[in-house]
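Following: one structure in structure tokens, then a few remarks.
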Amino acid sequence: MENKATKRTNRLGRGLSALIPDISTEIDKKDIITIDLKNIYPNQDQPRRVFDEEKIKILSESIKNYGVLQPIVLKPDDKGKYMIIAGERRYRASKLARKSDIPAVIKDIPMKDIMEIALIENLQREELNPIEEALAYRSLIKNYEVTQEEISEAVGKSRPHITNTLRLLNLPQKIMDMIDQGQITAGHGKALLRVNDENLQLELANKVIAEELSVRATEALAKKICEDNIKEVPKKSKEKDVFFIGRGSDYNVALEGSLKLKEISYIHSEAYASGELKHGPIALIEKGITVISILTDKNLLEKSISNIEEVITRGAKTFIVTNQDIENSNFDNVVKIEDTNPLLSPILSVIPLQLLAYYISKDKGLDVDKPRNLAKSVTVE
């Protein structure tokens, strides 16, 4: 017996074939009527916002010569007008060709179903630019309770692709407009997400356009900015005690980060499971102490942020390594890493912690290659 999620994924996967037959099959002529273009209007919630004017012109010439070969799909409203469900390009091209009417199939179905099908159809046809694609994913998740996994299966794209595309919506509006207009690519946008400061993001985006930088060059510049930010952390604080916290596999990364800090900077540090904070460790948090949190599991996001807020209220300074999109002006330092397979996340999340330990050690004038009291081989009797 199919479960609810499977049924929904199957429905999403049908796209517009749920409304009209495939173009390769014959459409019953009795279902097609001619509608005056003056009585038709676009769907304001259409996920596709940018139309290629050159392609519209080409389609317009074809319509002048051969007419509209496939009817558009319309929904009647209570004012005698019709909203476009599918076929806005044909509608625009017909107007450009100075046609007075257009063949159409009328389908009076709920708006919720229309939006789901239209979104999936656009995604399957890959006719959306990256920002439109991200907005479509967000609309499906927010308005129709569809999960990323279900979208992934329906459109044939990986879950990390869905997640990283959604992250583009966390860029400043000016940068999203640059992607929308094709001035920079989604790859550039994803690289810019590694930079936390909006002014720096805009500065780097303008540099990308002015110097026509590749995605790889942009990634290198973003990486340097992130490393420079990590370098600044030791200069802002002189710690005697540091705490690391994490949940699930992030706790194991916290243990490694704490070990590396002790090993090469000689600062006392301890790692705790975030869920155990209230069972003793929270009593050690006082004003000015630094708490480093690793946050990569979206299923534990809410609880992990709650733990971070707990230490902030007690005066702690925070340094967060995450692949999630978190918005909180109370966080002192946030280092973004790429979202990837959860099994691989620790490989990425440990790198900023290693760099932090390295720069703290260098700031203290220590030799990171020769930690005191440590040997390359240890004999335990």
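The values are calculated or read from the model by the stated rules, or taken from the named source; none is laboratory data. As the structure is a computational prediction, the values presented were derived from the model and not from experiment. So basically every Cβ, Gly included, is an ideal-geometry build from the backbone, and we count neighbours across all protein chains shown.
The residues of the stretch 256-298 that are assigned to a helix (DSSP H, G or I), touching a residue at least 24 places away in the same chain (Cβ under 8 Å) and of a type in the set (A, V, I, L, M), listed by number, are 261, 264, 277, 282, 284. Taking the conditions exactly as written (in a strand (DSSP E or B) and under 30 Å from residue 179 (Cα atoms)), does residue 35 satisfy them or not? When the stated conditions are applied, residue 35 does not pass them.
A quick yes/no check of all residues on (1) aliphatic (A, V, I, L, M); (2) in the same structural domain as residue 194 (by TED's automatic domain parsing); (3) surrounded by fewer than 18 Cβ atoms within 10 Å (Cβ to Cβ):
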{"site": "284", "(1), (2), (3)": "yes, no, yes"}
{"site": "289", "(1), (2), (3)": "yes, no, no"}
{"site": "293", "(1), (2), (3)": "no, no, no"}
{"site": "301", "(1), (2), (3)": "yes, no, yes"}
{"site": "304", "(1), (2), (3)": "no, no, no"}
{"site": "307", "(1), (2), (3)": "no, no, no"}
{"site": "312", "(1), (2), (3)": "yes, no, yes"}
{"site": "315", "(1), (2), (3)": "no, no, yes"}
{"site": "321", "(1), (2), (3)": "yes, no, no"}
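Within the stretch 356-370, residues that are more than 11 Å from residue 231 (Cα to Cα) sit with their Cβ atoms under 9 Å from residues that are of a type in the set (Ser, Thr, Tyr) and part of a helix (DSSP H, G or I), at 6+ positions apart or across chains, in these pairs: 364/265; 366/265; 367/361; 368/265; 368/358; 368/361. Residue selection: residue 25 fails the criterion of being at pLDDT 70 or above and either within 13 Å of residue 102 (Cα to Cα) or not in a helix (DSSP H, G or I) (or both).
Residue-by-condition table, conditions (1) farther than 16 Å from residue 250 by Cβ; (2) at pLDDT 85 or above:
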| position | (1), (2) |
| --- | --- |
| 307 | no, yes |
| 330 | yes, no |
| 351 | no, yes |
| 357 | yes, yes |
| 362 | yes, yes |
| 365 | yes, yes |
| 373 | yes, no |
| 376 | yes, no |
| 379 | yes, no |
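Of all residues in the stretch 56-113, exactly one satisfies the criterion of being among the β-branched types (Val, Ile, Thr) and free of Cβ contacts under 8 Å to residues at least 12 places away in the same chain, namely 58. For the stretch 200-219, check the following and say yes or no: at least one residue is modelled with pLDDT under 80 and buried (at least 21 other Cβ atoms within 10 Å of the Cβ). Within the stretch 200-219, none of the residues are modelled with pLDDT under 80 and buried (at least 21 other Cβ atoms within 10 Å of the Cβ). Just one of the listed residues (220, 205) is free of Cβ contacts under 8 Å to residues at least 12 places away in the same chain, assigned to a helix (DSSP H, G or I) and at negative phi, namely 220.
Within the stretch 231-255, the set of residues being more than 27 Å from the chain's Cα centre (by Cα) and either at pLDDT 95 or above or assigned to a loop (DSSP other than H, G, I, E, B) (or both) comprises 237, 238, 239, 240, 255. All conditions in (1) touching a Leu at 6+ places or on another chain (Cβ under 9 Å); (2) surrounded by 18 or more Cβ atoms within 10 Å (Cβ to Cβ) hold for residue 194, with the sole exception of (1). With respect to (1) modelled with pLDDT under 55; (2) of a type outside the set (A, V, I, L, M, F, W, C); (3) not in a helix (DSSP H, G or I), the lone exception for residue 17 is condition (3). Here residue 78 passes the criteria (1) at pLDDT below 85; (2) within 21 Å of residue 109 (Cα to Cα) except the one numbered (1). So which residues in the stretch 79-112 are β-branched (Val, Ile, Thr) and out of contact with any Asp or Glu (no Cβ under 7 Å at 6 or more places or on another chain), if there are any at all? Across the stretch 79-112, the qualifying residues are 84, 85, 102, 106, 109. Scanning the stretch 65-85 turns up no residue that is closer than 24 Å to residue 132 by Cβ, out of contact with any Gly (no Cβ under 9 Å at 6 or more places or on another chain) and assigned to a helix (DSSP H, G or I).
Restricting attention to the stretch 102-122, the residues that are touching a Pro at 6+ places or on another chain (Cβ under 8 Å), at pLDDT below 80 and of a type in the set (A, V, I, L, M, F, W, C) add up to 2. Determine whether the stretch 325-344 contains at least one residue that is among the small types (Gly, Ala, Ser) and either in contact (Cβ under 8 Å) with a residue 40 or more places away in the chain or in a helix (DSSP H, G or I) (or both). So far as the stretch 325-344 goes, no, none of its residues is among the small types (Gly, Ala, Ser) and either in contact (Cβ under 8 Å) with a residue 40 or more places away in the chain or in a helix (DSSP H, G or I) (or both).
Total residues in the stretch 132-188 satisfying the condition of being part of a loop (DSSP other than H, G, I, E, B), among the polar types (S, T, N, Q) and crowded, with 16+ Cβ neighbours inside 10 Å: the figure is 1.
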